[in-house]
Amino acid sequence: KTLAFMTAGNFFGEMGIILQVRHCATATAHEKCEVFRIGKDTFMGVLHSHSELCFSVLQELCKRLRRADDEICNITFRNIPGRIAFKIFELSDQFGVPDEDGTLIMLDINQWDLAEMVGTNRETVSKYISLFKKEGAISTHKRHIVVKDLKKLLAWK
């Protein structure tokens, strides 16, 4: 299951440091990137001495907890097309930029990735992407999705 896509400036691995436990998730780079490792003592020292950074980390952790809550609700209360539609909405909210046709999701994503995010298979995602396109809710260009009509997209429950 893909939990999140990270971009420049994001951080991960903080749970292992703060809770002093191993985390079950792994990270994979989909493109060339630079990753910096900060040791536990340094990280905790910076948090203790820089309250503004501590609050920034706390704010990000709260956002992640909120996304996890949304994910639990999504899986529990939505059917598969609703989960796919809502994930596209979330990605457009997080990675979208205005485009002449709607909101372009600036994330190199394929149907396998989307399937992993919503807990289904690629064939099911392909079926509903086609239906969303036919309905005029979205369009696709290479490996990018454009949300054309948010109301039509979110009507899928």
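Calculated accessible area for the chain comes out at 70 Å² per residue, all protein chains present (probe 1.4 Å; ligands, DNA, RNA ignored).
Look at where the Cα atoms of region 1-78 and of region 92-157 average out, and the two centres are 25 Å apart. When the chain is treated as a Gaussian network with alpha carbon springs shorter than 10 Å, the biggest mean-square fluctuation among Cys73, Cys24, Cys54 belongs to Cys24. By its C-alpha gyration tensor, with a ≥ b ≥ c as the square roots of the eigenvalues, how is region 1-56 shaped: rounded for a/c under 1.5, else prolate for a/b larger than b/c, else oblate? Since a/c reaches 1.5 and a/b is larger than b/c, the shape of region 1-56 is classed as prolate. The overall shape of region 69-157 is rounded: from the C-alpha gyration tensor, with semi-axes ordered a ≥ b ≥ c, the ratio a/c is less than 1.5. Taking all Cα pairs closer than 8 Å and separated by 6 or more residues, the relative contact order of the chain comes to 21 percent. Under the membrane-span-like helix rule (DSSP H runs whose alpha carbons stretch at least 27 Å along the helix axis, mean Kyte-Doolittle hydropathy -1.0 or higher), the chain yields 51-77. Which residue fluctuates the most in the chain, going by a Gaussian network model with Cα springs under 10 Å, if the choices are Thr120, Thr140, Thr76? For the chain, modelled as a Gaussian network with Cα springs under 10 Å, the answer is Thr76. Rolling a 1.4 Å probe across all protein chains gives Trp112 an accessible area of roughly 150 Å². Comparing Leu104, Leu53, Leu61 in a Gaussian network model of the chain where C-alpha atoms under 10 Å apart are linked, the largest mean-square fluctuation is found at Leu53.
The values are calculated or read from the model by the stated rules, or taken from the named source; none is laboratory data. Nothing here was measured: the structure is a model prediction, and the numbers come from that model. Ligands, DNA and RNA are stripped out before the accessible areas are found, and what is left, the full protein with its side chains, is counted by its heavy atoms. Shrake-Rupley method; radii C 1.70, N 1.55, O 1.52, S 1.80 Å.
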